[in-house]
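Read through the structure below, which is laid out as structure tokens, and then see the notes.
Every number here is computed from the coordinates shown, using simple stated rules; none is lab data. Bear in mind that the values here come from a model prediction, so they are computed numbers and not experimental data. Positions of Cβ are generated from backbone atoms using ideal geometry, with glycine treated the same way; all protein chains shown enter the neighbour counts.
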Amino acid sequence: MARKKLQGKPKQDGLPLWIGTFGDLMSLLLTFFILLLSMATFDKEKVELAIGSLQGALSILERGRETEITQPTQIQASPLNTNSLQDNVMNVFSSLTDDYNEITKVTDGPGIDLEESQDGFIIRIPDDLLFESGSAVIANTSGRLFLERLAMELENYKDILNLRIIGNTDNVPYREGSAIDNWDLSNKRALSVAENLITLGIPPNIIQVGGDSYFNPIASNDDDFGRAKNRRVDINFSFVGNNIDTKEQVAKDIADKMKMEQDK
């Protein structure tokens with residue numbers, strides 16, 4: 001009786017299976033070492049270099065002190081750009097208003113607007129975001145939340161900004177028989193917003209309050225939408241001079257906050 005011939009296992013095409021396991025192991029090791037590098041603490045010299053670069057970006061120095069990443073280049077001294085910090089502040093508050101409008105999805109009336117002015121910028125808040133009709137009491141929860149967010153951002157720039165809060169109305173009297181009712185309402189609404197910001201920690205010495213009644217319209221009072229745009233509270237932000245020392249302190253504060261976030 002003939003013996004059966006044993007057949008070997010068929011050969012598999014491609015790389016051996018252990019190559020996949022080995023590749024996964026190398027990827028995990030690489031990820032581990034990248035994680036260790038990202039968690040490394042900065043020494044004092046590197047932090048100072050980072051602060052110098054940030055100061056240069058804010059036009060506090062003629063050019064930032066170079067970090068180890070960028071090679072030094074020969075450049076000519078240029079005048080300070082006093083608008084860089086102002087642009088940065090405007091971008092912060094512009095993002096705040098855009099995000100808030102997106103979250104609340106304002107579709108049935110005017111939203112919060114930010115406009116550039118001669119000495120800074122203006123945030124225009126429609127009255128229905130804050131008040132009930134004919135009232136000067138902030139009753140809208142969404143409006144309170146926006147003022148809280150606004151105060152949080154102001155905390156970082158309260159040393160370089162002044163606020164002028166102006167109430168505005170349309171030309172329709174809200175109280176019959178009174179010749180100064182809209183003056184009264186516009187002033188009270190501006191004062192209510194100012195009191196709210198002061199309660200949230202904004203120093204009162206940087207705030208001015210007033211009311212323009214219906215004498216400073218930004219739209220026509222001939223239709224409902226125009227009147228809705230005119231019923232608003234304007235917060236006028238103006239920058240306090242162009243003090244370089246103040247800018248340097250702001251830059252250092254921002255750099256310190258960045259380092260604190262990295263150390264967490």
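A few points about this structure:
- Translational diffusion of region 115-247, estimated by Stokes-Einstein from the Kirkwood radius over alpha carbon pairs at 37 °C in a medium of 0.692 mPa s, is 214 µm² per second.
- For region 88-241, the relative contact order works out to 31 percent when only alpha carbon pairs closer than 8 Å and six or more residues apart are counted.
- Point-charge dipole on Cβ atoms (K/R +1, D/E -1) for region 88-241, about Cα centre, debye to 20: 320
- Each residue, Ile19 and Ser133, gets one label point 7 Å from its Cα in the Cβ direction; the gap between the two is 7.7 nm.
- Shape category assigned to region 115-170 from the gyration tensor of Cα positions, a/c cut at 1.5: oblate
- For Gln118 and Asp87, the difference between the fully extended length at 0.36 nm per residue and the C-alpha to C-alpha distance is 9.9 nm.
- q = 0.15, 0.16, 0.25, 0.28 Å⁻¹: log10 I(q)/I(0) that the Debye formula gives for region 170-227, counting C-alpha atoms only: -0.55, -0.61, -0.98, -1.07
- Tyr214 long-range amide H proximity, modeled H, under 5 Å: Thr169
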